[in-house]
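To start, I am sharing the structure in question, which I have written as C-alpha cells.
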Amino acid sequence: MILPGVHCYRSQQAAIAAIRDYKVSLLRNAIGRGTSSRDQSCACDAFIYQPKSPTKPPLLLLGGMGPYAGASIFEYACNRFNDDRVVMLYQACSTRDRTEVIRHVMDSGSQDAAVALADQVVAALMRAVGLLYSEVLNQTPSGNVPNQIDCVMSCNTVHYFLPLIRQRIEQGENSVLRRLQFASIIEAAVSQLRPGLPVVLTATTGTLLCGIYARALRRAKVPLILPSTDAQDALMRAIYQGMKAFNPAVARAAGNEFFGRLLPEARQVDTIVAACSEVPLLFQAIAPQMRPELAQLFHSKHMIDPVVSVIDQLHIGGVSTGGVGQASAARCGG
C-alpha cells in the first residue's frame, strides 16, 4: 500500500508526467501563500520511479532544498537512466536553511547548529531509505535487496555538512543507512575543469562562506573568481525572494541585476559553475528577457550544473561514491 505523500510509478513516462504536474502544483500553491513561500512551506513528498528490471543500484535524490529544483533533477534522472535504476526523490523541505546555519556557525564559533542540521538531514535520509525499502526494495520478486544505494544531495550548500552527516550515520543504530554511497556534486563539477583556467562561481552566500568549492578548486589548481558584493546581494534576492518564493517578477528583476553586475567577471572566463541548484533555473527563466548584450555573452559561456554533472557521471560510471565512513572532499572548517 502506498503511504500518503509517497508516489510510485512503474513507467518512465508516468513518473515524468507526475513530476511535471507536481511542479505546476508547487507554483499554484505558492501563489496562494504569496511572498511568504519558502522551501519549508512545502510538504516532504516522495516520488519513486520503479522500472521492472533495474540493473544498477537504486538512486536516492535528497531534494526539497529547494523543491522545484529537486523535482527538476528527478525528471532529469528518470530521463537519463531510463529503466536502469530505481530513482527516488525525497523532498526534505523541512530542512533548516543552510546559509542561515553556516552564518550562525561562523559568527558563534559553535558547531551545535551544524550538528542539529546534520541530524535533521540524517532523519530525512532515514525516512527516505525506510520508504524506499518498504515500497520497493523489500517487494522485489527475487527478494534480492541491494547492499548499495547511491545518494545525491541536490543542494550544494548542504555538502558542507556531509562529513557530520556521515559521522552521525556511522554512530547511529540504523545499519541500513550505511548502505548509502554519497556522490559529491562538488567533485563531479570540479572534475570537468582544467587546471589554470579560471572559473566564476555563482552560489549562495553560505556556500561561499564555508569554502567547500574554494578548497576543491584550489586542490584542482583552478583559479576562482567570485561575484562582487553587489552582484552577490542581487543573486541572493533572486534565489530567496524570487526562485524559492516562486515570485517571477522578483526573480527576473534581481536575476537581470545579478547577471548585469557579473559582466566584468564573466568576460574573464569561459566557464561559470552554477553552484546552487536554483541558478540554472534562474538563468532559464530570465534568458528570454535578458538585454541582448548580456544574452549574447552568457549564452557563449559554458555553465556547469553540478547536479546534472553527477547524474551524468553516475550514468556512465565515471564518478566515485563514498560510504559513510569515507572522507569527503567537502570538509567542514578551513
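Taking the Cα centre of the chain as the origin and placing charges on Cβ (Lys, Arg +1; Asp, Glu -1), which of N247, G130, I304 is farthest toward the positive end of the dipole?
Towards the positive end, the residue furthest out is I304.
So, one more: Quick check on the exposure proxy: order I286, I212 from fewest to most C-beta atoms within 10 angstrom. List each step's numbers first, then the result.
Numbers: I286 23, I212 28.
Neighbour counts put them in this order, fewest first: I286, I212.
Pulled fully out, how much extra length does the chain show between T229 and K52, if you take 0.36 nm times their separation in residues and subtract their Cα-Cα distance?
Contour length minus Cα-Cα distance gives 58.7 nm.
A further question on this structure: Enumerate the residues in segment 12-27 having an amide nitrogen under 19 Å from the point lying 7 Å beyond the Cα of D83 toward its Cβ.
From segment 12-27, the list is 12-18.
Further question: Provide the percentage of antiparallel DSSP beta bridges, counting only those with both residues in segment 12-95; round to the nearest 5.
That works out to approximately 45 percent antiparallel.
Starting from the 7 Å offset along Cα-to-Cβ, what nm value, one decimal, do you get for the label separation of R267 and R103?
3.2
Which net charge results for the neighbourhood of V87, defined as the other residues with beta-carbon distances under 12 angstrom from its beta-carbon, given Lys and Arg at +1 and Asp and Glu at -1?
Around V87, the charge tally is -1.
Can you put F283, F74 in order of Cβ neighbours within 10 angstrom, beginning with the fewest?
F283, F74
Obtain the nm distance between the two label points defined at R194 and D21 by a simple spin-label model: each point lies 7 Å from its Cα along the Cα-to-C-beta direction.
4.7
Go through segment 206-307 and name the trypsin sites (Lys or Arg not before Pro) that are in a DSSP coil and have 13 or fewer other Cβ atoms within 10 Å of their Cβ.
Numbers: sites: R215, R218, R219, K221, R237, K244, R252, R261, R267, K301; in loops: K221, K244, R267, K301.
Answer by residue number: K221, R267.
Another question, if that's okay. Which whole-Hz ³J(HN,Hα) couplings does segment 47-62 yield from phi under the Karplus relation 6.51 cos²θ - 1.76 cosθ + 1.60, θ = phi - 60°, glycine and proline marked x?
Per residue, the Karplus-derived 3J(HN,Hα) values read 10, 10, 9, 10, x, 5, 9, x, 10, 10, x, x, 10, 9, 9, 8 Hz.
Here's another thing I want to ask about it. I'd like the trypsin sites (Lys or Arg not before Pro) in segment 80-169 restricted to DSSP loop residues with at most 16 other Cβ atoms within 10 Å, sorted by number.
Within segment 80-169, the qualifying trypsin sites (Lys or Arg not before Pro) (loop, at most 16 other Cβ atoms within 10 Å) are R96.
Then there is this: On a full-extension model of 0.36 nm per residue, what is the gain between Q12 and R219, subtracting their alpha-carbon distance, rounded to one decimal in nm?
70.6 nm
Return the distance in nm (one decimal) between the two label points of a simple spin-label model at A249 and M126, each offset 7 Å from Cα along Cα→Cβ.
Modelled inter-label distance: 4.4 nm.
Taking the Cβ of each residue in F161, F81 as the centre, tally the other Cβ atoms inside 10 Å and list the residues starting with the fewest.
Details: F161 29, F81 21.
Ascending number of Cβ neighbours within 10 Å: F81, F161.
Only bridges whose two residues both fall in the chain count here: according to DSSP, what percent of them are antiparallel, nearest 5?
Among the beta bridges of the chain, antiparallel pairing accounts for roughly 15 percent.
Using the Cα centre as the reference, give the magnitude of the dipole from point charges on the C-beta atoms of the chain (Lys, Arg: +1; Asp, Glu: -1; all else neutral), rounded to the nearest 20 debye.
240
Let me ask something else about it. Sorting check: for 293-300, 151-158, which peptide has the highest mean count of neighbouring beta carbons within 10 Å, and how do the rest follow?
Numbers: 293-300: 13.4, 151-158: 26.1.
Result, highest mean Cβ count within 10 Å first: 151-158, 293-300.
Okay, next question. Please give the peptides 227-234, 40-47 ranked by average Cβ packing (other Cβ atoms within 10 Å per residue), highest first, as a rough proxy for protection. Intermediate values should be presented prior to the final figure.
Details: 227-234: 16.6, 40-47: 19.4.
Packing proxy ranking, top to bottom: 40-47, 227-234.
A further question follows. Say R0 is 56 Å: what FRET efficiency, to the nearest 0.05, do L297 and N174 get from their beta-carbon distance? List each step's numbers first, then the result.
Working: r = 49 Å, r/R0 = 0.88.
Calculated value: 0.70.
Taking the 0 to 90 degree range and rounding to the nearest ten, how far is the long axis of helix 98-108 tilted relative to the main principal axis of the chain, both from C-alpha atoms?
Helix 98-108 sits at roughly 70 degrees to that axis.
I would also like to ask the following. Relative to the Cα centre, what is the charge dipole magnitude of segment 202-326, using +1 at the beta carbon of each Lys and Arg, -1 at the beta carbon of each Asp and Glu, and rounding to the nearest 20 debye?
220
Readers should treat all values here as calculations from the given coordinates under stated rules, not as data from a laboratory. Fair warning: this is a prediction, and the values are worked out from it, not measured in the lab. Cβ atoms come from the backbone with ideal geometry, glycine included; neighbour counts cover every protein chain shown.
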